[in-house]
Amino acid sequence: MFLLDGAMGTLLQQQGYLRPGDCPELSNIEHPQAIENIHRSYIKAGSDLIQTNTFGANRIKLNEYGCADKVKEICRAAVFNAKKAVDGTNTRILGDMGPTGKFIFPLGDTDFEDVYQAYYEQASILAESGVDLLLIQTIIDIQEMRAAILAAKEAAPNIPIMCEFSFSEDGRTITGTTPEAAAVLLESLGASIIGANCSLGPDKLIPLISRMSAVSNLPLVIQPNAGLPKLIDGKTVFPLHPNDMAEYVQAMVNSGATYIGGCCGTSPEHLAAMRQALDRAVPYKRKVITPPTALTSRTSIVYIGEGHPPVIIGERINPTGRKTLQKDLQEKNLVPIKTEALNQVKAGAHLLDINMGVPDVDQAALMENVVKELSMLVDTPLIIDATSPSVLEKALRIYPGRTLINSVNADSAQMSAIFPIAKKYGAALLCLPIGSKGIPESAADRLTLIKKIYNAALQTGLRHEDLLADPLVLTAAASTNAPKETLQTLRTYKETLKIPTVMGLSNISFGLPGRSGLNANFLAMALAFGLNAPIMNPLQSDLIDAYVRSLLLLGYDSAAHNYITRFQNQPIENQHQLKNNETLSPLKKIQQAVRDGSKEEIGSLLNEALNAGIDPMVITNDGLTAAMTAIGEEYGKGRCYLPQVMIAAETMQAAFIALKKALPGKFNITRKGPFVIATVKGDVHDLGKNIVIALLENSGYEVIDLGKDVSPEKIVSAVHQSKAPLVGLSALMTTTMPQIDITIQALKKENLTVKIIVGGAVLTSEYAQKAGADAYASNATDTVRLANILMGENQ
Amino acid sequence: MPIFNGFLQKIDIAETKRYAGLRTSENFSDKIVADACMAAQAIAKPRGIFQQCCYDSDSCQLLCEEPFTIEGSKIREHLKNSEIAIIMAVTIGGDIEKEVNTLFSKKEYSKGLMLDAAATTATEMIADQLNHYIDEMAAKHGYETTWRYSPGYGDWPLTQQMNLIKAVHADQIDIHLTSGCMLVPQKSITAIIGMARSVVESGIPSGCRNCSMHNTCSSRKE
């Protein structure tokens, strides 16, 4: 067990070397002796490792103090100071690298490569100056940690790296990474020691270290703050005294940590007390765990394999054979692909396969862009479906987590191209048993090829938990025995290799009818033979049915909870269910349909009414319009809500379309108005105006919509040109209300015979009257009522 | 000017219903709301920016690049003990409001209404994320933070929106102000958060009870 050191900055402040606003790292050059003394005091207290005073000594952070060009000078001096202090002792030096203070795009505006370069620079200088380890600490976002580790590995390949995230009280980093996701990612990226520091006191940090020890066998480090700080007399004060911290040492040891230190608020006194406690502490026999095969996103972790339930990989993000999707992607419209991702996650996908094989585009750039966007949009880890090294390089570099490469086959050239990329970025690999002799037919032959890939992978430093295998799925249409052979392959892999299995389900039914049913049956069989992760279409509900049933039958659904949730009789979600009351007259049924928003039923109800000989105008006035008026009144009284009014309005629209279709050329609603409408100058709210327009059009008004932020001149001109009898003005804020007055004055000046209705959340009838309006509408349905009155209709 | 864009991994259905004017959730189809939330997620482009400034609670001056005096007794009470103020601006971009207009012009009124409500929820979520980050940073140094206060709340004049967006360089995330002091894109929020040793009960707890629209607002929580 090893003791690290404590805070540096506070001591420099206390000793008068640092005033607020000074760059702490400059002290290495300006007060080298002070730095050396602080190091010595920690060594004297018992520290086995000390951190160089280079926490903020990266180019980006130093830029805030105007000394970005001093990275080399500062880091060299810092290591020099540390070396002088450790001379003659066994204390080792940690080259400290802290945050840049910026968020990486798309979370912030700083480019990943700029952060990488800054850390590369710092790591190489620290390494060549002679540190024993590199320490990346106090990191709150996974992308920054990734940039730092990748840079450190590249700049100083032979120096072990210690990585610490900073967690919040909810057990996640500020941007949502859990200890488990952090540990799995850090280990896959090649960190030697992992853990957490800062932000929390020992009581809150210790459980997070325990959580890491459940998914990794790597040595663990913990450096808590001396509790949560308070501001007293203008100074930040940390509550835990040296003996308080010391009391936590045994608990820190029991969490599995073998590297223990302190962060903010700790001093040589704290560390001395902790040294004593550490020397007395009972060592903890940490349970050796089997490292899981797991994929992570910024915010979640998904385990695949033995002891975990099978997981669904959504296959839909694949442009093969989908012309519209290809076009969208070529035009850089990502909304459809984002919608596809969200739909799959909603339907139950645990992982998403991402394939960007679109013709006529730079596939690497497209993949990079899509990965950036989707990794922000969903919690779900992504799988990179590509074999081109340039596409993989771009995607893996920017993915904020640990992904899976789909896939690598037994071809030597492909293996030598892809293995290094997987290793560098800590990605898992799906192995395909296809070699120079094409697709092997038998399970035994497939196993041979997988073994070849597996062994070659391990040679390059990839680990058992990085590898997954595909049994190959061929269409049942082409070969009688192919499906059986796939199942046999799954069983063989499970018994021999003990690595998780992934397969693309849909191939099995290619070229056959009844695809979805066949896929569902094969899914159930494959799961029984040990398949861990099918690549399938989660939007097909009978496939999910098969999945849920299989999980129950294979023992993954305790108390049949998920099964019952999915299959119990749900009440039909139909608020608009027509009361099938035979005694209701056709007109009453129509009214009910509008009231309930039954867009689907209105067509047949109208036909029923027409067949009963009811005049279309009677249907319109006494059936449809009467219903809209009634619902408008209810809305005004607060007995129903705006969305219901909107759905009723849509039902009216559907009714008009149906009537026009049933009586071609004979059905026309009289066009009232026109009604000119605008949101006044300086005001950009238009939702209310849009709702008013919807209801006016429903009532037969021709509406001239001038839009928002409309000048009085434009409104006057529109009224003039259209000879509109009605104009509606809307304003939402006190700051734009005066434009109502101005616009009304402008209209009155022209001596137009137009009637003016005003509305908007901030207006009142008193204000409207004072401003000279003809009417004040308190809501959208009120507007229609007033328009009809002003037009001389009885309502 | 630090940028923190946040991310929208889901949009709360209950909150969206509230913004759509559906105070109780029973009789309305969750599917329409869920679909709107998903559509909003796909179209939104969240962005955020913030700036730390000193605050002089005696003179009520915000000591940003172009210092200005904060007007309004309630906001001043709110910031009474604050030594530092963090000003922030977030938006989810202008594409959603365009889509809402398109839906209305296609007579898909309820979809448009729901999408607008989902967009409001999304904007508040992004503001919450940035707010959370600010709270954590403040706590690190021992400060407590006030709840976030926007121009227009209480008696903080909307006209000070001009000073605020200038101070936080909101134009860097493409937020502008109309001549009527309205934020463009519409789905944007600007706010101030005070950092103090201890945040005194300012007499204006957050919540619907203390808002001037308490009696008429269809989005009221309580």
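The values are calculated or read from the model by the stated rules, or taken from the named source; none is laboratory data. Source: prediction; values computed, not measured. Positions of Cβ are backbone-derived with ideal geometry, glycine not excepted, and every protein chain shown enters the neighbour counts. Calculation scope for accessible area: heavy atoms of the full protein, side chains included, ligands and nucleic acids excluded. Shrake-Rupley method; radii C 1.70, N 1.55, O 1.52, S 1.80 Å.
Residue-by-condition table, conditions (1) under 22 Å from B:Gln61 (Cα atoms); (2) more than 11 Å from every other protein chain (Cβ to nearest Cβ):
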position: B:Arg148; (1), (2): yes, yes
position: B:Leu158; (1), (2): yes, no
position: B:Gln172; (1), (2): no, no
position: B:Leu183; (1), (2): no, no
position: B:Gln186; (1), (2): no, no
position: B:Thr190; (1), (2): yes, yes
Wholly enclosed strands (runs of 3 or more DSSP E) of segment A:361-453 bearing at least 2 residues in contact with a helix residue (DSSP H, G or I) (Cβ under 6 Å, 6 or more places away or on another chain) and outside the structural domain of A:Val502 (by TED's automatic domain parsing): none
Subset of segment B:91-109 [assigned to a helix (DSSP H, G or I) and open to solvent by 20 Å² or more (accessible area, probe 1.4 Å)]: B:Asp95, B:Glu97, B:Lys98, B:Glu99, B:Asn101, B:Thr102, B:Ser105
Filter result for the condition that a residue is within 14 Å of A:Phe529 (Cβ to Cβ), free of Cβ contacts under 8 Å to residues at least 60 places away in the same chain and in the same structural domain as A:Ala410 (by TED's automatic domain parsing), over A:Ala476, A:Ala456, A:Ala469: A:Ala469
Any hit, segment A:46-56, residues being open to solvent by 20 Å² or more (accessible area, probe 1.4 Å), of a type outside the set (Asp, Glu) and assigned to a helix (DSSP H, G or I): no
Segment B:110-124, subset more than 9 Å from chain A (Cβ to nearest Cβ) and under 10 Å from B:Ala40 (Cβ atoms), residue most open to solvent (accessible area, probe 1.4 Å): B:Thr120
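Listed here are the residues, each with its yes/no results for (1) away from every other protein chain (no Cβ under 14 Å); (2) in contact with a His (Cβ under 9 Å, 6 or more places away or on another chain); (3) open to solvent by 30 Å² or more (accessible area, probe 1.4 Å); (4) within 25 Å of B:Phe104 (Cα to Cα).
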residue: A:Val676; (1), (2), (3), (4): yes, no, no, yes
residue: A:Val684; (1), (2), (3), (4): no, no, no, yes
residue: A:Asp705; (1), (2), (3), (4): no, no, yes, yes
residue: A:Ala761; (1), (2), (3), (4): no, yes, yes, yes
Candidate set from segment A:538-565 (those that are aromatic (Phe, Trp, Tyr) and farther than 14 Å from A:Phe522 by Cβ); member that is surrounded by the most Cβ atoms within 10 Å (Cβ to Cβ): A:Tyr563
Only listed residue being in contact (Cβ under 8 Å) with a residue 12 or more places away in the chain, surrounded by fewer than 23 Cβ atoms within 10 Å (Cβ to Cβ) and part of a helix (DSSP H, G or I), chosen from A:Glu113, A:Glu121: A:Glu121
Residues of segment B:1-23 that turn out to be of a type outside the set (A, V, I, L, M, F, W, C), within 9 Å of chain A (Cβ to nearest Cβ) and either within 20 Å of A:Arg639 (Cα to Cα) or open to solvent by less than 10 Å² (accessible area, probe 1.4 Å) (or both), as a count: 4
Those residues of segment A:42-71 which are touching a residue at least 12 places away in the same chain (Cβ under 8 Å) and among the hydrophobic types (A, V, I, L, M, F, W, C), in sequence order: A:Ile43, A:Ala45, A:Leu49, A:Ile50, A:Phe55, A:Ala57, A:Ile60, A:Leu62, A:Cys67, A:Val71
Tally, over segment A:207-239, of residues that are outside any strand (DSSP E or B) and of a type in the set (Val, Ile, Thr): 2
Test: residue in segment B:63-84 that is among the hydroxyl-bearing types (Ser, Thr, Tyr), open to solvent by 10 Å² or more (accessible area, probe 1.4 Å), out of contact with any strand residue (DSSP E or B) (no Cβ under 9 Å at 6 or more places or on another chain) and more than 13 Å from every other protein chain (Cβ to nearest Cβ): yes
Flag for B:Asp35 being under 18 Å from the mean Cα position of the chain (by Cα), charged (D, E, K, R) and over 30 Å from A:Asp111 (Cα atoms): no
Hits in segment B:148-170 - residues which are without any contact (Cβ under 8 Å) to a residue 60 or more places away in the chain and either at negative phi or part of a helix (DSSP H, G or I) (or both): B:Ser150, B:Pro151, B:Leu158, B:Thr159, B:Gln161, B:Met162
